[in-house]
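The values are calculated or read from the model by the stated rules, or taken from the named source; none is laboratory data. All figures in this text were calculated on a predicted structure; none of them were measured in a lab. Because the Cβ atoms are built from the backbone with ideal geometry, glycine has one as well, and the counts that use them run over all protein chains shown.
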Amino acid sequence: MGRFGKWIGAGLGWTIGGPIGALLGFAFGSLVDAARLEKFEKHGTTTTTGDFVVSLLVLIAASMKADSRILKSELDYVKHYLLKTFGDEETSEMLILLRDLLNKDIPLHDVGGQIRHKMNYASRLELLHLIYGIISADGSVDISELTIFESIASSIGVSGNDARSIQSMYTRSADWAYDVLEIKREATTEQIKKAYRQLAMKNHPDRVAYLGDDIRKKANEKFAKINEAYNIIKKERNIN
């Protein structure tokens, strides 16, 4: 049993209970022996790496099922992300869990409510960032995928502006940098600086460092896009 097995056996907290725990009951049985199941009864209140990954897999399943078809490009993206982030052994176990989830109906409203109640905002932003990367993996986002993305954002309590900022990170447009910073092109210098400070504070990788180096590295990628957008605007406006 790899590291993911350790997360399931001892590293999970609040995802053991509520709708997520109920949803994953069968999948857990395929990964954990009966002697370790008693540990699931100890509900935690602090988000662990295991809680984050399980939540991510549930939301991945919900987003992949949005258009009633599972595309190879989406599966490839998911597998590539998991391999790059967690390694071969852990990915094999995660894909077993994802396979089971794809065969279930995901109660998104209930799952999202549990995540919103238990997980901090920076971690929820990182979840949403990864989800949009998956649904845009085939080079386009259709209406059903966009709808599920917006539904996920709403259900986990991410603001509309922050959700649109994440979406903009994947779509280069004439106003890309302004869209990422959640401002209009006519924004003043002070408004630009304020928007950057607020976005940087919400998305700083240190805020998810408690989830481990793997997740923090992915958060660094998002933070780099925010800084890139700010630098583009600074150069365009000649802001010091």
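Scanning the stretch 206-240 for residues that are surrounded by 16 or more Cβ atoms within 10 Å (Cβ to Cβ), under 19 Å from residue 131 (Cβ atoms) and over 15 Å from the mean Cα position of the chain (by Cα) gives 225, 226. Of all the criteria given as (1) in contact with a Lys or Arg (Cβ under 9 Å, 6 or more places away or on another chain); (2) modelled with pLDDT of 95 or more, the one not satisfied by residue 159 is (1).
The residue of the stretch 60-98 that is surrounded by the most Cβ atoms within 10 Å (Cβ to Cβ), among those that are in a helix (DSSP H, G or I) and among the hydroxyl-bearing types (Ser, Thr, Tyr), is 63.
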